[in-house]
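The structure under discussion appears below in the form of structure tokens.
The values are calculated or read from the model by the stated rules, or taken from the named source; none is laboratory data. Owing to the predicted nature of the structure, the values given are computational and were not obtained by experimental measurement. Cβ placement follows ideal geometry from the backbone for every residue including glycine, while neighbour counts extend to all protein chains displayed.
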Amino acid sequence: MICQPGFANPRDSAAVGAAVPELREYYRFLTSLSRSSPAERISRVKDYLEAHPGFERTYVYLLDHLLYAGREAEAKSYFRNLSALPACSRGSQWMLAKLYTMEDRPAEALQSFREALNNGPPSIFLLHDFSNFLSQYQQQYNALEEIDRLAVIPPLKDMARALWYRNILEYQRVIDICDQLPAEYAADDLLLNILSYCYGETGEPSRAESTLQKGFEQAKSHGDRQLEAYYLATLGARERQKGDFEESVEHLEKALSISTQLDDLMLLAMVESVLGETLAGQRRFPEAQRRIDRAIQICAALRMDQTLAGQYLHKGTLYLEWGKFSDCLDEFARCEQIAQKTRDLSRLVAVWMERCRFYKTLNLNSLAEYEYRKTYHWAREHGYKKLEFEAFSGIASVLMADKRYGEVRKFYREALALPESFFPPGYRIYWKWMNAYTYYLEAQFDSSKAEFAEAYQAARNAPQDAYSEYVQAYARFRIGNIAAAQGDFSEALRIYSEGLVKKVADRNSQLKMNLDLYTGKVYEQQNDLGKALAHYRRAAETLEKSREELKVEQLRIGYFAGGEEAYQALIHGYFKLYRQNKKPEDLEQLFAYLEMARARTLKDLRLRDAASREEITQTPAYAEYRQACENLQRLQRSIRQSPAQHDSLYLKYEAARFQVLFNRLRLVKEDLTTARAFLPSFGQVLQGLQKLDMGLLLYHVSDSSIFALAAMDPQTIEAVEFEISRDSLAGLIDRLIGPFHKIPGKAVKNTPFHAGIAHDLYRILVKPLEEKITLKKDLLLIPDLALSGLPFEMLLTAPPAAERYFPADSAEYAQDFLLHRYSFLYSPSAWLGSGTAAAEPSRPQILVLANPVTAETDSSGESFAQRAASRSNWRFGILWYADKEGERIREIYPATTIFKREAATPGVLKEQASRYGILHFATHAFADTVFDAFSGLVLAPGEDTSDDGLLMGFEIADMRFDCDLVTLSACETGVGQKVAGEGVLGLPRLFLGAGARRVLMTHWKVGDRFSMELMPRFYDRFLNQGQSQARALEEAKRFMLAQAEPEEGVHYRHPFFWAAFTLYGEPELPPAQPAFPATRWLLGTLLVILAAVLTYWIYSRRRNPANTA
């Protein structure tokens, strides 16, 4: 904070106010008060003031301590009486003006200011307070006219004008006025501080630094301890801005020591606030909060409303960085309320900008854009040019995130058209670079190259620091990329080897990774695969080294998404190498990199042991996390019970969601093992699958290549490339399964099955493998991200008679489904199929939670979670067949426990889950496609006020499951955000990460009636007939396909009904002996034997009646 309006400033300077001896005497007096009580202090200060009536600082000091002691009425009476004395008139009228301003009595305040200002030459501090008053009431008074009316000499009027322009952020005008001041006024200690700030804001850092240092040295030479502390605080803020936090804290602790010795309350508030901001920059959030709270307490007591608004803004910003999103909103609201009351427009706009940042942090881009535009139009209307283009930049960043590149360029062009002196060079350099980057992203290489060259030159002409070097290096790097894209490989390699590019890459891991990646691409284009792979490996190593420093799950996920290209290049390179040479070592490398690019964080989570989980729950961070969860759950329960509250609680709800997410990210996991060290070899995976008589199909889809590894045993392996582009494949898949995801209401009968596309995809993805290798009946299929939503079972092995069919049509195509040939188990990674967990079910009991939605609990029938979390209008009604589904499962397998309706609560699951080997949910599900933490299952609310009845993703992740199967017999349980390096972030991944071995999921909405028919048949084959889960699901589906008669006018042979259900996870050994059927067989045998014995005994008695006697 550098001389922000409303901050406490020392009240005199040696240049315009008191002489040096008076200052020294004043400080000796203040030091003598250190052991005085508050009442004694006030009494002694009154005596000192009356003995030194011309020394203005004493008036301010006395007013502050009277206000801090709660003696405001006494202060007003005292200064009113004192104003009658000519020697005390100016200082007393000044204090009365401040008191009237606090009471929002502008007419009386203005009159008192006039009397004070026209009673001899005013100090710059009196002029500063007058400027702040005019800012607060600028809609009532014309500031420049009021300044012109002052009966003071022209230089003092000019100083007043400069202070006014500083308040309305017109920094260049401040500089222009100060340049024209006589030397003795221009050298004022405080004015130098203000001038330094203005230089910094107009892009003259060297002048800002030298001016600040000059003012600091003057203040020390004058013996002005207040101004010295003020400069130390300013220097501390400047060092923080430069990133030198240790130096910043050192300056601020010195300033704090001085202000504490003098007991200067306003100076103390300022220093505490700046120190709080610096500590926040070091992420020492609790200490920062204590400092800012102290500043708030002082400002509130002193009725410094404008300053108090700023403190609430700082605290809100602190909470935003800290991740306390709900508290952040509250602090912003307090700031805005005070800013509106005091008419502090600059503070009001500042809180708008911070709220924009809040919305961006929470991915609420539409709200962020709205707030940025509102701020932009306000700034433009009021002439706040710098703020106008800061808001401009904010709008551009939102548009950039939405890939609206043309609009982004329009914004940057308008900004760059302004005079060069209008903004610091850093702004202009950044805008030039981003303008070039938009062309680059659109592959407009000629335009991009020219713009990058301009950005490079602008950065080169700017003062040389780390930022300008970074821009130069990255601009040259992108120009090298363009040269490579245009076929000039030698030029690209020359640029990549430039000294500056390498220098910056050595200290910037992102540039280092990209430099190796693109150098490798050039060598690959030149057919030097050896050098290409060497650079790709270095790029991957840089990525992994950086990832090791990230101990938080969601941050690890996001980090890899940006570095996916390095692994894709390695995979493509080793695929080409293996196709050329057929060397086993190349195949092992290919498999290793394929695995390292899949389910990365899931592997880490699976390797985490129970002890480390228990350790986490004992930490303070976990307690905060649980509190955030309970707060969110209370809100969800409230809105679920009364959906009409949704709109009024929307922002609180969004803040609570991200509070949970952020607190979860704060649970730094030193125990998050790096799964890379535990990756099995390709041979080990195949040996494990061979024991299960399973084959492996591992698909890879990228811009460079689309291929599959098909391995039926360690000796039978084929690598097959497919002749189709990534975009074409994605288009076919979307046309096939897209209609199944877009069913309005109950219009199932209008859902088309594009049979021709189903056959095309078979010809593209499966037939080439069948022509090369004999596939086994049971297959572990590892789909790449592009294939993650495609059930292979629904592909057709023969050309259909028609291109598309509807559910009511005759299903003559049904005998050609790939389902009839193979039994598929899907998995995010072959690592899960390495034989590590292929064990028999240890507890085959089933826990069923069914149909928790009732007319009583959800009278509106509207999904709170879905409406609030993703703002859609999905509706959750009663699942009439879910109850029957549970009952039918129990009929065929009595070791089943059912909780339904109001009894199916999250609490029951948490209490009972550990007793069961199978968890079956017959309910509704919802998917958040941004954060899987907010996907979940709809259950029934419990009695606790924090129990909303929603089993959220973050709760699933916190649980520990030791079960063989989780069945999600609900709609779209396999849906989620698709993330490179992870796969689909949704409910199945959450359950697998929490320890479940397999998940039976659905890809789209399913009918509860069909589920009621399918699920019991699946369990019968799995638990009663001893089949593997994958084979049991296949046969249950085939049974449903065999039903020739349509149900309610539709054929269950249509893949909409049955293809949604897929099994996801790790392979399993079938039970050695089915548990319940064996018991039933034994009981039957015993009954037969008992009946035979009984018959023989009766027969014997009848033949020998004597035995009866």
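For segment 250-267, which residues satisfy the criterion of being out of contact with any Lys or Arg (no Cβ under 8 Å at 6 or more places or on another chain) and surrounded by 20 or more Cβ atoms within 10 Å (Cβ to Cβ)?
His251, Leu252, Ala255, Leu256, Ser259, Asp264, Leu265, Met266, Leu267
Test Ser210 against the stated conditions and say whether it is of a type in the set (S, T, N, Q) and at pLDDT 90 or above.
Spelling it out, Ser210 is indeed of a type in the set (S, T, N, Q) and at pLDDT 90 or above.
Those residues that are surrounded by fewer than 16 Cβ atoms within 10 Å (Cβ to Cβ) and assigned to a helix (DSSP H, G or I), I need them from segment 177-193; list them, please.
Of everything in segment 177-193, those that are surrounded by fewer than 16 Cβ atoms within 10 Å (Cβ to Cβ) and assigned to a helix (DSSP H, G or I) turn out to be Asp179, Gln180, Ala183, Glu184.
If only one of Tyr100, Tyr137, Tyr68 is closer than 26 Å to Lys341 by Cα and without any contact (Cβ under 8 Å) to a residue 40 or more places away in the chain, which one is it?
Tyr100
Count, please, the residues in segment 206-216 that happen to be under 21 Å from Tyr165 (Cβ atoms) and buried (at least 19 other Cβ atoms within 10 Å of the Cβ).
Counting residues in segment 206-216 that are under 21 Å from Tyr165 (Cβ atoms) and buried (at least 19 other Cβ atoms within 10 Å of the Cβ) gives 4.
Any residue in segment 93-104 that is in the same structural domain as Ser221 (by TED's automatic domain parsing), crowded, with 24+ Cβ neighbours inside 10 Å and of a type in the set (Ser, Thr, Tyr)?
yes
So, in segment 88-104, how many residues would count as being closer than 16 Å to Ala73 by Cβ, outside any loop (DSSP other than H, G, I, E, B) and out of contact with any Phe, Trp or Tyr (no Cβ under 6 Å at 6 or more places or on another chain)?
Residues in segment 88-104 being closer than 16 Å to Ala73 by Cβ, outside any loop (DSSP other than H, G, I, E, B) and out of contact with any Phe, Trp or Tyr (no Cβ under 6 Å at 6 or more places or on another chain): 4 in total.
Could you check Ala219 against (1) under 27 Å from Leu156 (Cβ atoms); (2) surrounded by fewer than 21 Cβ atoms within 10 Å (Cβ to Cβ); (3) in contact with a Ser or Thr (Cβ under 9 Å, 6 or more places away or on another chain) and say which number it fails?
Against the list (1) under 27 Å from Leu156 (Cβ atoms); (2) surrounded by fewer than 21 Cβ atoms within 10 Å (Cβ to Cβ); (3) in contact with a Ser or Thr (Cβ under 9 Å, 6 or more places away or on another chain), Ala219 comes up short only on (2).
Of the conditions (1) surrounded by fewer than 24 Cβ atoms within 10 Å (Cβ to Cβ); (2) modelled with pLDDT of 90 or more; (3) within 50 Å of the chain's Cα centre (by Cα), Leu85 clears all except one; give me its number.
Condition not satisfied by Leu85: (3).
Please work out if Tyr536 is assigned to a helix (DSSP H, G or I), aromatic (Phe, Trp, Tyr), under 31 Å from the mean Cα position of the chain (by Cα) and modelled with pLDDT of 80 or more.
yes
Based on what the data block shows, is Ile147 over 42 Å from the mean Cα position of the chain (by Cα), among the β-branched types (Val, Ile, Thr) and farther than 30 Å from Leu85 by Cα?
No; evaluated as a whole, the condition is false for this residue.
In segment 147-195, what residues are within 24 Å of Ala379 (Cα to Cα) and of a type outside the set (A, V, I, L, M)?
Arg161, Trp164, Tyr165, Arg166, Asn167, Glu170, Tyr171, Gln172, Arg173, Asp176 - these are the residues of segment 147-195 that are within 24 Å of Ala379 (Cα to Cα) and of a type outside the set (A, V, I, L, M).
For the subset of segment 171-217 comprising residues that are without any contact (Cβ under 8 Å) to a residue 40 or more places away in the chain and among the polar types (S, T, N, Q), which member is farthest from Tyr427 (Cα to Cα)?
Going through the qualifying residues, I end up with Gln180.
Examine segment 453-472 for a residue that is within 29 Å of the chain's Cα centre (by Cα) and crowded, with 20+ Cβ neighbours inside 10 Å, and state whether such a residue exists.
Yes, segment 453-472 contains a residue that is within 29 Å of the chain's Cα centre (by Cα) and crowded, with 20+ Cβ neighbours inside 10 Å.
Consider segment 549-578. How many of its residues are at pLDDT 50 or above and acidic (Asp, Glu)?
Residues in segment 549-578 being at pLDDT 50 or above and acidic (Asp, Glu): 2 in total.
If you take the residues of segment 281-332 that are among the small types (Gly, Ala, Ser) and within 22 Å of Leu632 (Cβ to Cβ), which of them is modelled with the lowest pLDDT?
Ser326
Considering only segment 1004-1018, state which residues are within 40 Å of the chain's Cα centre (by Cα) and at pLDDT 85 or above.
Those that are within 40 Å of the chain's Cα centre (by Cα) and at pLDDT 85 or above: Leu1014, Met1015, Phe1018.
With the structure loaded, tell me whether Gly974 is at pLDDT below 80 and in contact with a Gly (Cβ under 8 Å, 6 or more places away or on another chain) or whether it fails that test.
yes
Is one or more of the residues making up segment 147-155 modelled with pLDDT of 90 or more, loosely packed, with under 15 Cβ neighbours inside 10 Å and within 19 Å of Ala187 (Cβ to Cβ)?
yes
Looking only at segment 1036-1049, filter to residues that are among the aliphatic types (A, V, I, L, M) and in contact with a Lys or Arg (Cβ under 6 Å, 6 or more places away or on another chain); which one of those is modelled with the highest pLDDT?
Ranking the qualifying residues of segment 1036-1049, first place goes to Ala1036.
Scan segment 709-734 for residues that are part of a helix (DSSP H, G or I) and crowded, with 16+ Cβ neighbours inside 10 Å and jot them down.
The answer is Leu729, Leu732, Ile733.
Given the criteria of a type in the set (A, V, I, L, M), farther than 26 Å from His1051 by Cβ and either within 40 Å of the chain's Cα centre (by Cα) or modelled with pLDDT of 90 or more (or both), does Ala758 qualify?
No.
Can you name every residue in segment 444-489 that is among the charged types (D, E, K, R), within 17 Å of Gln510 (Cβ to Cβ) and modelled with pLDDT of 90 or more?
Within segment 444-489, Arg476, Arg478 meet the criteria.
Which of (1) among the charged types (D, E, K, R); (2) buried (at least 24 other Cβ atoms within 10 Å of the Cβ); (3) closer than 18 Å to Val274 by Cα is the odd one out, the single condition Glu247 does not satisfy?
Against the list (1) among the charged types (D, E, K, R); (2) buried (at least 24 other Cβ atoms within 10 Å of the Cβ); (3) closer than 18 Å to Val274 by Cα, Glu247 comes up short only on (2).
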